[in-house]
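To keep things clear, I will list the structure first and then write my remarks on it.
The values are calculated or read from the model by the stated rules, or taken from the named source; none is laboratory data. These figures come from a predicted structure and were not determined experimentally. We place every Cβ from the backbone using ideal geometry, glycine too, and count neighbours over all the protein chains shown. These area figures cover heavy atoms from the full protein model, side chains too; ligands, DNA and RNA do not enter into them. Shrake-Rupley method; radii C 1.70, N 1.55, O 1.52, S 1.80 Å.
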Amino acid sequence: MAKLTMPFHQVLLLLFFIFSCLFFVTIQSRHHYGHSEQEQFHIVSHVSLPPSLAPEAAVAGPSYSVFNVLDFGAVGDGVTDDTQAFKLAWDTACQIKSAVLLVPDGYSFMLQSTIFSGPCKTVGLVFRIDGTIMPPDGPDSWPRNISKRQWLVFYRINGMSMQGAGLVDGKGENWWNLPCKPHKGVNGTTMPGPCDSPVAIRFFMSSNLTIKGLKIKNSPQFHFRFDACHGVRVESLTIKAPAQSPNTDGIHIENTNNVQIYNSIISNGDDCISIGAGCYDVDINNITCGPSHGISIGSLGINKSRACVSNISVSDSVIQHSNNGIRIKTWQGGSGCVSKVEFSNIHMEAVRNPIIIDQYYCLTKNCSNQTSAVVINDISYSNIKGSFDVRSPPMSFACSDSIPCTNLKLTQVELLPAAKGRTVANPFCWNAYGTVLKQTIPPVYCLMEETNATIDNTLLCG
């Protein structure tokens, strides 16, 4: 057999090539998206390349480091407490310039009440939920030394996006059945006992937030709440809870401005969207709401407080099988102003109280009369059409005795009874001034014309 010979320098080149290939394969395996059994038992930071189904934010921007909560010790069996693993993943991602905190598909993570704090160094932090997250199951499972008023809180966060195809399951059933809840007593009355129930997801003192694509259901109380926030965009959410679940507002905002809520489906046991004191520049568009209590401004002015709300737009939406449609509700004795509100292009389906201003809002029906009130001025209703539940008037403007509602404008309002052949109540007005720009169905004869003698509420709202 012939003997193969090779010059020494060629042997060295061949060995260098083989070593380089082995080194490359080793490095690639260390950056693989998965994790070994040994790695699961070491809570360390793993910075990996984005997975094949990368978050949308990673596509257009710089490369993102992905922090999978499994790499920080999360189990994801729906029973084990994974709170610390999420906190470790958050604290690590919060220090990286471009980061994704990943809650992976196929797992259910149980988290105790916790606060995710900022500010973060991250530019455009993504909190991506593709799996399921849930709290302890009911008040009996809630730790005694932890507040029962909130579950997941995001504090002082700037520029975060919460998105994904996953589910936030609030597991609220046992909270709704507390004796204190309104539906547990006789005729809607409450019974004594502890009543604190957690808001599912709360953002506090945060800015430039995007919430997109998530499903959230059965919160013990509000599903989302934004307090003292600026620059909020909520889009393509699905929020669901039973019609009899108490205080399960879909989205509540308070002292928050520059808000956009778009293209979402909400059904629950309270308001689909509620706008509290201190909110302005809010745009709500293409919402399918109901069964619910409708879309509300308020309640405002409780305990003689001051409340100001302005520049609110609700448009191109559907409200169906709900106790209320578009509503402004204030307590007697309050102060402040609601102004520059536009409701337009809204379709009602079998809604009780489709259009309502209630300045005598009271939960107990035993509230005493007060002389001061939140001013209501410059409210527009345009192209509001559909059907109403005949148990209540199709339109009701119950304004304060001492300070009238002014500059109400109605055009192209057409509301027909959902049940034919039933007696229909006429629209109701009390101390309400405004203009019918185009004849409504049914006609609103009770609205008083603006006169010079009318209080100039524009001054009070200044």
Within the bounds of the range 315-334, is there any residue that is open to solvent by less than 20 Å² (accessible area, probe 1.4 Å), closer than 18 Å to Arg225 by Cα, under 17 Å from the mean Cα position of the chain (by Cα) and touching a residue at least 24 places away in the same chain (Cβ under 8 Å)?
no
Of all residues in the range 140-167, which are hydrophobic (A, V, I, L, M, F, W, C), in a loop (DSSP other than H, G, I, E, B) and either farther than 18 Å from Phe226 by Cα or open to solvent by 10 Å² or more (accessible area, probe 1.4 Å) (or both)?
Trp142, Ile146, Ala165
Test set (1) outside any strand (DSSP E or B); (2) buried (at least 22 other Cβ atoms within 10 Å of the Cβ); (3) within 24 Å of the chain's Cα centre (by Cα) - Leu363 fails condition number
(2)
When residues of the range 68-119 are filtered for being within 14 Å of Phe154 (Cα to Cα) and among the charged types (D, E, K, R), how many remain?
2
Taking Asp137 as the residue in question, decide whether it is under 23 Å from Glu235 (Cα atoms), in a loop (DSSP other than H, G, I, E, B) and not aliphatic (A, V, I, L, M).
no
Among Lys385, Lys420, Lys409, which is the only one that is basic (Lys, Arg), surrounded by fewer than 22 Cβ atoms within 10 Å (Cβ to Cβ), part of a loop (DSSP other than H, G, I, E, B) and at negative phi?
Lys420
Any residue in the range 195-209 that's under 18 Å from Asn247 (Cα atoms): show its pairings with residues that are small (Gly, Ala, Ser) and surrounded by 23 or more Cβ atoms within 10 Å (Cβ to Cβ) at Cβ separation under 6 Å, as long as the two are six or more apart or on different chains.
Ala200/Gly170; Ala200/Ser219
Scanning for something polar (S, T, N, Q), in contact (Cβ under 8 Å) with a residue 12 or more places away in the chain, within 23 Å of Met205 (Cα to Cα) and open to solvent by less than 10 Å² (accessible area, probe 1.4 Å), does the range 223-245 turn up at least one residue?
no
Say whether the condition of being among the charged types (D, E, K, R), open to solvent by 10 Å² or more (accessible area, probe 1.4 Å) and under 21 Å from Arg352 (Cα atoms) is met by at least one residue in the range 293-307.
no
Check on Gly106, in a loop (DSSP other than H, G, I, E, B), touching a residue at least 12 places away in the same chain (Cβ under 8 Å) and either aromatic (Phe, Trp, Tyr) or closer than 18 Å to Ile211 by Cβ (or both):
no
Yes or no: Ile261 buried (at least 18 other Cβ atoms within 10 Å of the Cβ), aliphatic (A, V, I, L, M) and over 19 Å from Asn208 (Cα atoms)?
no
When residues of the range 272-288 are limited to those that are polar (S, T, N, Q) and open to solvent by less than 50 Å² (accessible area, probe 1.4 Å), the one nearest to the chain's Cα centre (by Cα):
Ser274
Do you know which residues across the range 93-110 are surrounded by 22 or more Cβ atoms within 10 Å (Cβ to Cβ) and of a type in the set (A, V, I, L, M)?
Ala93, Ala99, Val100, Leu101, Leu102, Val103, Met110
